[in-house]
1. When you have a sec, figure out the Kirkwood radius of the chain from all distinct Cα pair distances and drop it here in Å to one decimal?
2. Which value in deg cm²/dmol, rounded to the nearest 500, describes the helix-derived mean residue ellipticity at 222 nm for the chain, given -39,500 (n - 2.57) per DSSP H run of n ≥ 4 and division by the residue count?
3. State, as an integer percentage, the relative contact order of the stretch 2-97 based on alpha-carbon contacts under 8 Å between residues 6 or more apart.
4. Quick one: grab the alpha carbon gyration tensor of the stretch 238-303, order the square roots of its eigenvalues as a ≥ b ≥ c, and give me rounded if a/c is under 1.5, else prolate or oblate depending on whether a/b is larger than b/c.
5. When you count, for each residue, the other Cβ atoms within 10 Å and take the mean per peptide, how do 500-508, 39-47 rank with the highest first?
6. By per-residue mean of other Cβ atoms within 10 Å, what is the highest-first order of 157-164, 361-368, 248-255?
7. Considering only C-alpha atoms, what is the centroid distance from the stretch 355-392 to the stretch 532-553, in Å?
8. With an 8 Å Cα cut-off and a minimum separation of 6 or more residues, compute the relative contact order for the stretch 377-422 in percent.
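Each reported figure results from applying straightforward, stated rules to the coordinates on display, with no laboratory input. Not measured: the values here are computed from a predicted model. All Cβ positions, glycine included, derive from the backbone under ideal geometry; neighbour counts span all protein chains shown.
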Amino acid sequence: MAGRIPQGFIDELLIRADIVEVIDARVPLTKGGKDFKARCPFHDEKTPSFTVSPDKQFYHCFGCQANGNAIGFLMEYEHMSFPEAVEELANHVGIPVPKEVVAGGRQFEDQQDLLDILQEAATHYQRQLRDHPQAQAAVDYLKGRGLSGEVAARFDFGFAPDGWDNLLRGLGTDDVRRKHLQRAGLLVAKDGGGYYDRFRNRIMFPIHDHRGRIVGFGGRVIGEGEPKYLNSPETPLFHKGREMYGLFLGRDAIRREQRVFVVEGYMDVVALAQHGVDFAVATLGTATTRDHLDRLFRFTSDVVFCFDGDPAGLQAAWRALEIALPTLDEGRQASFLFLPEGEDPDSVIRREGAEAFLARQVESLPDYFFRNLHDRADVRRLDGRARMVELASPLLSKIPEGPFRQMMRDRLAEISGLEPQKLPRLGLATTNKVSPKSANRPRAELKKPPSLVRTAVALLLRDPSLAKQVKDPEAIVRLDLPGTTLLAAMLDILKIDPELNMAALIERFRDSEHRTHLEKLAVWTHPVLEQDAAAEFQGTLGQLEKAGREQRTDRLLYKERAKGLNQAEKAELGRLLAETGRSDGVTPTS
Ligand SMILES: [Zn+2]
């Protein structure tokens with residue numbers, strides 16, 4: 001969608017709009033230092049941790065990590081689509097809206113049509129559960145599961161009767177509506193034309209997005225039948241990797257309990273709720289994703305994964321651990337609740353009740369991590385301990401730099417009997433956010449190449465005009481250090497549009513994999529960055545070049561020993577050794 005609105009128009013908006021005005025009109029701000037503050041509109045808090053920076057044209061909440069520019073704020077706060085937010089901002093600034101934005105708005109109307117039809121379908125299915133002649137089987141099933149009318153009403157259970165055209169006849173009254181029903185995933189198009197109902201003979205569970213809008217359904221077959229559970233397909237509104245069943249309805253309970261259970265199915269969520277454990281969510285037929293966790297951690301810092309203790313459950317648990325590692329910092333924690341083989345939270349809580357369920361032993365992520373590695377490597381043997389180090393290192397590299405990572409490393413050192421400094425150097429966890437704590441590390445730490453790139457990116461983000469200092473952006477690309485693609489991309493953009501401010505620069509990455517990383521860097525306050533940014537940037541570029549030269553030298557030296565160099569490489573190595581002042585005991589011949 002972003003591609004349809006001229007980039008220059010968005011740039012201009014973000015340069016001319018003042019985010020302080022935009023937010024203050026909705027959430028009254030008070031001045032504190034050079035920034036503005038308020039109680040966060042996105043999470044419940046007593047003392048203000050929501051700050052708005054006029055310099056950066058960016059907002060950030062230290063409590064829930066919400067952040068973004070003026071467009072992002074309107075999208076989050078006013079629940080606007082991207083084109084709507086652009087239009088709103090254009091009206092605010094008083095510049096005319098190009099027609100492409102209106103075209104984008106049309107696309108939003110389509111989305112609204114789908115939302116409307118999904119809501120109608122939910123009402124339709126609920127009515128069927130009350131009135132349809134076949135509904136007794138569904139009611140019996142729910143009662144057999146011990147579910148009350150209150151829970152059925154809370155989760156808006158519905159019923160799709162057996163047959164191919166119940167919904168089709170009920171809601172698909174004209175061709176436009178039938179198309180909407182199909183786009184929403186509720187009707188399936190037949191090869192020879194026409195449609196049929198996707199959900200038949202099923203209990204229906206509406207799936208809400210984070211704003212409480214119905215975006216899809218899950219259906220549990222009544223009696224025997226395949227598949228037992230059927231979800232809406234991926235649609236413009238419904239993405240399994242993002243949505244979780246029960247999150248919208250459970251969000252207050254999750255905040256209250258400061259804990260969330262992640263379970264595997266919607267029957268688990270509703271069975272737990274039936275017993276008063278109303279802070280559970282389920283993934284929708286997919287493994288837990290990074291997006292899921294990022295969402296959950298906005299509500300609580302304590303995530304508990306519940307898994308069946310069978311081999312499939314254990315495998316899924318380990319995958320969840322791997323996904324969770326990069327998200328663990330600033331006091332966030334994950335743990336695991338393993339149920340007896342063949343059991344799920346639904347069966348356990350029905351048998352044992354809530355108290356016993358909640359009293360079950362939960363294993364912390366670090367304990368589970370090292371227990372699993374113990375099972376895979378025999379630490380009584382020297383080669384077993386080496387294997388453990390090999391298995392653990394790449395995983396520990398995923399943890400954001402900070403105390404948790406350090407402690408995990410120390411524990412690995414303890415178990416393996418290796419001195420901590422002899423453990424393999426951990427790579428930089430590039431995808432995680434940069435915590436204010438890591439920003440306080442001594443400057444010497446910044447000499448490591450990955451941090452250098454990060455510093456350069458952060459400096460450039462704060463003050464995009466620094467890009468003018470870069471004489472040869474190509475050289476940055478050739479560096480081949482982690483993170484240089486992003487740095488090079490930023491330099492490319494600024495070469496063409498040197499007047500962009502931070503908010504506009506970040507906007508260019510809205511649909512990019514780098515976006516989250518940039519947003520974190522945007523709110524990273526490094527003492528050095530506050531001072532002489534221009535000199536620091538120049539120095540960082542110099543060090544980057546040096547790091548790149550050293551890396552190239554190492555590679556050539558290695559290749560020379562391994563299989564020899566060609567003439568051009570020999571010449572290059574000779575030049576590099578002279579420049580870097582190294583000898584390494586090798587005399588390259590020319
Ligand atoms: Zn917040």
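1. On the way: mean 1/r = 0.0365 Å⁻¹.
It is 27.4 Å.
2. Helices in the chain give a 222 nm mean residue ellipticity of -15500 deg cm²/dmol.
3. 23
4. Here the stretch 238-303 falls in the oblate category.
5. Top to bottom by mean Cβ count within 10 Å: 500-508, 39-47.
6. Averaged packing, sorted descending, gives the order 157-164, 248-255, 361-368.
7. 41
8. Working: 26 pairs, mean separation 16.6, N = 46.
That works out to 36 percent.
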